[in-house]
Amino acid sequence: MAKTIVMGNFKGGVGKTKVSVMTAWEMVHQFGKKVLLIDMDPQGNASTLIARTAGITELQNTIFTGFQTGDLKNTILEVEENLHLIPASLTFKNLPKFLYSKFETEIEQVSYLKQLLEPIKEDYDYILIDVPPTISDFSDNAMMAADYVLIILQAQELSLEGSETYVSYLQFMADNYDADIQVAGVLPVLLRPGSRVDESTVERAKELFGDDNVLQHFIKHLERLKAWDVTGITDKDQHDRKAHQVFIDATEELIKKIEHFEEAGKYE
Ligand SMILES: Nc1ncnc2c1ncn2[C@@H]1O[C@H](COP(=O)(O)OP(=O)(O)OP(=O)(O)O)[C@@H](O)[C@H]1O
Ligand SMILES: [Mg+2]
């Protein structure tokens, strides 16, 4: 049965999409997992990167069709045997209107993705969800559907903005809709060239989330990701391998954390 993970932060451009795609990629290629990546962002950045990598030029069925027909199975694109994608496109921006017309109650509106994933979960080891950086029906649905959140922390600034909001909002969702989501960890990501991990940000993150919850591995600034935006993900030279290694280390730590939570959960 798949464990579902959403990448969380209510701030734009902190690396959520890159971490979603690369975590999915390394889970499949390094750790032998079967993974479904769900693009919940109408911008479709995760879909574009995966499609480019696989040489797919046109994405036909997208997630919104699945929401409209009540069946996500037909929207699953088998990129590789163990890497599947539910792509998004701009039409998905109409999700809120659709949900309000289909469902009367808020709980039904926010729980629709969870409902649609039920028959699919048994087919995967992990389901990863990439969301837009807004507090919206998109992120609400992802939160309700997810077992875990990996909080993406922009680590070079003296600010936890975005991750703090995210955590208060998790609590709100738990209180109001019984969302049952566990913080799998907090992953520091550095987006500025040459930036180092800002110790004080990481310290504050540890205070806020607990020492053990901040991942020891972090995602450093990787110029190579820009090249991959153009060429798709490659693994040809040492720069490629260095970039992969950064994500492999973080992914391994994440998998271990989740396995640990799952073990602990069995004896509760
Ligand atoms: N580790 C990294 N090193 C260098 N650049 C990065 C890294 N991670 C992400 N980027 C770049 O930063 C930008 C934002 O990344 P990304 O799209 O993953 O963020 P996001 O949080 O998903 O953004 P949004 O909130 O718009 O969905 C992109 O241009 C991406 O190429
Ligand atoms: Mg994104």
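The values are calculated or read from the model by the stated rules, or taken from the named source; none is laboratory data. Bear in mind the structure is a predicted one, so any value in this text is a computation, not a measurement. Don't worry about glycine lacking a Cβ; one is built from the backbone with ideal geometry, like all the others, and counts go over all protein chains shown.
Values as computed for the structure displayed
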| item | result |
| --- | --- |
| Residues satisfying the stated conditions in segment 30-50, i.e. surrounded by fewer than 23 Cβ atoms within 10 Å (Cβ to Cβ), in contact (Cβ under 8 Å) with a residue 60 or more places away in the chain and more than 12 Å from ligand 2 (Cβ to nearest atom) | Gln30, Phe31, Lys33, Lys34 |
| Extreme residue, farthest from the chain's Cα centre (by Cα), among residues of segment 209-223 that are without any contact (Cβ under 8 Å) to a residue 60 or more places away in the chain and within 12 Å of ligand 1 (Cβ to nearest atom) | Glu223 |
| All positions within segment 157-196 that are among the polar types (S, T, N, Q) and more than 11 Å from ligand 1 (Cβ to nearest atom) | Ser159, Ser163, Thr165, Ser168, Gln171, Asn176, Gln182 |
| Total residues in segment 133-172, condition under 26 Å from Leu99 (Cα atoms), under 16 Å from the mean Cα position of the chain (by Cα) and of a type in the set (Ser, Thr, Tyr) | 5 |
| Filter result (within 15 Å of ligand 2 (Cβ to nearest atom), touching a residue at least 60 places away in the same chain (Cβ under 8 Å) and either of a type in the set (Ser, Thr, Tyr) or surrounded by fewer than 21 Cβ atoms within 10 Å (Cβ to Cβ) (or both)) within segment 136-161 | Ser139 |
| Count of segment 147-162 residues which are more than 22 Å from Tyr126 (Cα to Cα) and at pLDDT 85 or above | 1 |
| Among the candidates Arg241, Arg224, residue that is surrounded by 12 or more Cβ atoms within 10 Å (Cβ to Cβ), closer than 21 Å to Gly13 by Cα and basic (Lys, Arg) | Arg224 |
| Helices (runs of 4 or more DSSP H) fully within segment 1-100 counting 2 or more residues that are within 13 Å of ligand 1 (Cβ to nearest atom) | 16-29, 45-54 |
| Selected residue [without any contact (Cβ under 8 Å) to a residue 40 or more places away in the chain, assigned to a helix (DSSP H, G or I) and under 30 Å from Ser168 (Cα atoms)] from Lys226, Lys242, Lys206 | Lys206 |
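Here's the yes/no breakdown for (1) touching a helix residue (DSSP H, G or I) at 6+ places or on another chain (Cβ under 9 Å); (2) under 27 Å from Ile152 (Cα atoms):
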{"residue": "Asp41", "(1), (2)": "yes, yes"}
{"residue": "Thr53", "(1), (2)": "yes, yes"}
{"residue": "Leu59", "(1), (2)": "yes, no"}
{"residue": "Ile63", "(1), (2)": "yes, yes"}
{"residue": "Pro87", "(1), (2)": "yes, yes"}
{"residue": "Thr91", "(1), (2)": "yes, yes"}
{"residue": "Phe98", "(1), (2)": "yes, no"}
{"residue": "Thr105", "(1), (2)": "no, no"}
